Amino acid sequence: MIDLDEQIAQTLRERAEGDVDTDRLLRASRARGRRRQVHRRAAVGTALCLVGTLGFVGVRGSGLDELAGRLPWTTATPTPSVVPPRADGVPGAAVDPALVGTDPQVLHVGIDLDRARYLGWEVIRGQGETVRLSVAGSEEVRIDVSSSIELPGSVTIDGTSFDVTEVGRPNFDGAVRQVSGMDRGLVRLWQPVPGLYARAVMLHGDRAVLDQAVAALRWKEPRRCAAPLRLGALPAGAKVTVCSVDVASYPRLVTARFALQRTPMENMSVEYRYVSRAGTYTEADRTIAGRPALLSAQGTRLELVGIPRTRVIADFGWPWAGERPAKIFTEAEATALLADVDLSDDPTRPQSWK
């Protein structure tokens, strides 16, 4: 089996002469995580069989954490985690539901760190907020929150996209239902407080885990959408519409994405990607604020290079195909934006995130 680091390195080498396939990297990372979860469960099952065969006594409790602490051939090392910093002075979702999704820099819901671990978070202006979490090493549970009953219909979990539009709609009664067309997919819709709508989704159903994930949510604990990169001055008339961070494979892989919009046809995305064992890209044809940079052959993507294990890319021609629109963000605007980004000195130290 190819190790995650080798898979990432292989993908980077294959695409050395062109654009790196971000989705492929994330799919490989998540697939690797699922395989490890299956192997971990199999190992625990074998351990339990040995316990019964050898007649061990004194092993009590149903949690895997207790088992790991008692069996010498399992690891008790906790998975490193990232926690977005608190947003002081901001009311939580339960206090003012109307604020949810209004500021891409703020999450109006948090999680109980004694019960769950962050896998990622996202804020989409005018739409809502998402927290991805795991409970005691379980698979991903995705929580979508909005002040509108119209939650996004399509969701992505572990690289798999599916539609949950009609599940329980518009009945936010707290009942757990099966996702149509999926053998084990589960979804729960409910209202934490009047005026606030929430949805929890799992790809492979385990109702106990879904219930634990929901119980781990903290509705009066706002946090910032922090990342190893912070944008500075924006182009004139532009607003940040999306802040998205993925830390499911932290500390080996950290990704972040910011979307900017000025008009429906003028969009720009800034993507950040840190891979702990990746090389350093050095090919450049220009300089931005003292850093080497590279413009794509199409003239619509600018990348800061020379940053160890890190890529920072501004795509200012997105989205368009075929004939180029008359109005898009310009190279000069993308250059000014990248010149003013603030990068963490050490992406593996979340305390340094902006």
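Restricting attention to the stretch 179-191, and to residues there that are under 24 Å from the mean Cα position of the chain (by Cα) and either among the small types (Gly, Ala, Ser) or exposed (fewer than 14 other Cβ atoms within 10 Å of the Cβ) (or both), which single residue is modelled with the highest pLDDT?
Across the stretch 179-191, the extreme among qualifying residues is Gly185.
Within the stretch 206-224, can one find any residue that is modelled with pLDDT under 95, out of contact with any Asp or Glu (no Cβ under 6 Å at 6 or more places or on another chain), open to solvent by 10 Å² or more (accessible area, probe 1.4 Å) and part of a loop (DSSP other than H, G, I, E, B)?
Within the stretch 206-224, one or more residues are modelled with pLDDT under 95, out of contact with any Asp or Glu (no Cβ under 6 Å at 6 or more places or on another chain), open to solvent by 10 Å² or more (accessible area, probe 1.4 Å) and part of a loop (DSSP other than H, G, I, E, B).
Tell me, yes or no, whether the stretch 200-222 has at least one residue that is hydrophobic (A, V, I, L, M, F, W, C) and closer than 24 Å to Ala259 by Cα.
No, the stretch 200-222 contains no residue that is hydrophobic (A, V, I, L, M, F, W, C) and closer than 24 Å to Ala259 by Cα.
Scan Val254, Val275, Val242, Val341 and give me the residue that is touching a residue at least 60 places away in the same chain (Cβ under 8 Å) and in contact with a Phe, Trp or Tyr (Cβ under 6 Å, 6 or more places away or on another chain).
Criteria check complete, one pass: Val254.
Can you name the residue in the stretch 225-242 that is open to solvent by 50 Å² or more (accessible area, probe 1.4 Å) and small (Gly, Ala, Ser) and, of all such residues, is nearest to Arg257 (Cα to Cα)?
Ala233
Could you check, for the stretch 199-211, whether at least one of its residues is under 30 Å from Ala332 (Cβ atoms), small (Gly, Ala, Ser) and free of Cβ contacts under 8 Å to residues at least 40 places away in the same chain?
no
The values are calculated or read from the model by the stated rules, or taken from the named source; none is laboratory data. Nothing here was measured: the structure is a model prediction, and the numbers come from that model. FYI the Cβ positions are ideal-geometry reconstructions off the backbone, even for glycines, and counts take in every protein chain you see. Remember, those area values only see protein heavy atoms, side chains included, never the ligands or the DNA or RNA. Shrake-Rupley method; radii C 1.70, N 1.55, O 1.52, S 1.80 Å.
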